[in-house]
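**Q** To start, I am sharing the structure in question, which I have written as structure tokens.
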Amino acid sequence: MPSDQNAILADVSAMLRSVLGDFGDDAEVTMTSTFRDDLGLESIDVVSLAGRLQARYGTSVNFAQFVAGLDVESVGELKVGQLVAYIAASLDRRDPVPVS
């Protein structure tokens, strides 16, 4: 069953608001929001987001692999929707748990 991108967006939005703390209260997080320009994420915030993604999705979602090969500028230009699509694709690829 394909992953629900709306549910993933809600998860990612909550994580971003948590990472941003007081600064995230007023931020509107949409699929077109950019990490740097719209949300004001800095490098340390991206590291914190990666940890939260790992805690939420485990090894199914490898944020480091997602941003591998991108320079700092490119990571800042990422859109939330790109991350949501990556998470959905990663979750759809994971092996199903066998039923006993």
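**Q** Highest mean first, what order results for 6-13, 64-71 on Cβ atoms within 10 Å? Don't skip to the answer; put the middle values down first.
**A** Numbers: 6-13: 16.5, 64-71: 11.4.
The most tightly packed comes first, giving 6-13, 64-71.
**Q** Continuing with the same structure: Per DSSP H run of n ≥ 4, the term is -39500 (n - 2.57); total these for the chain, divide by its residue number, and report the mean residue ellipticity at 222 nm rounded to 500 deg cm²/dmol.
**A** Theoretical 222 nm ellipticity from helices: -17000 deg cm²/dmol.
**Q** Here's a follow-up. Cut-off 16 Å, label point 7 angstrom out along Cα-to-Cβ of Q82: give me the residues of segment 1-43 whose amide nitrogen falls inside.
**A** Those under the cut-off are 30-43.
**Q** Within the chain, which whole H helices from DSSP have a Cα span along their axis of at least 18 Å and a mean Kyte-Doolittle hydropathy of 1.0 or more, if any? Could the numbers behind the result be given before it?
**A** Values: long enough: 5-20 (22 Å, 0.94); 43-57 (21 Å, 0.32); 80-93 (20 Å, 0.85).
TM-like helix candidates: nothing returned.
**Q** Something else now. Treat every Asp and Glu Cβ in the chain as -1 and every Lys and Arg Cβ as +1, leave all other atoms uncharged, and give the resulting dipole magnitude about the Cα centre to the nearest 20 debye. Kindly include the intermediate steps, with their values, before the conclusion.
**A** Details: 7 positive and 15 negative charges, 103 e Å.
Value, rounded to 20: 500 debye.
**Q** What distance in nm lies between label points placed 7 Å from Cα along the C-beta direction at V72 and D22?
**A** With each label placed 7 Å out from Cα toward Cβ, I get 2.6 nm.
The numbers here are math on the coordinates, done by the rules we state, and not lab data. Computed from a prediction, not measured in an experiment: that's the story for all the values here. Every residue, glycine among them, receives a Cβ derived from its backbone with ideal geometry; neighbour counts consider all protein chains shown.
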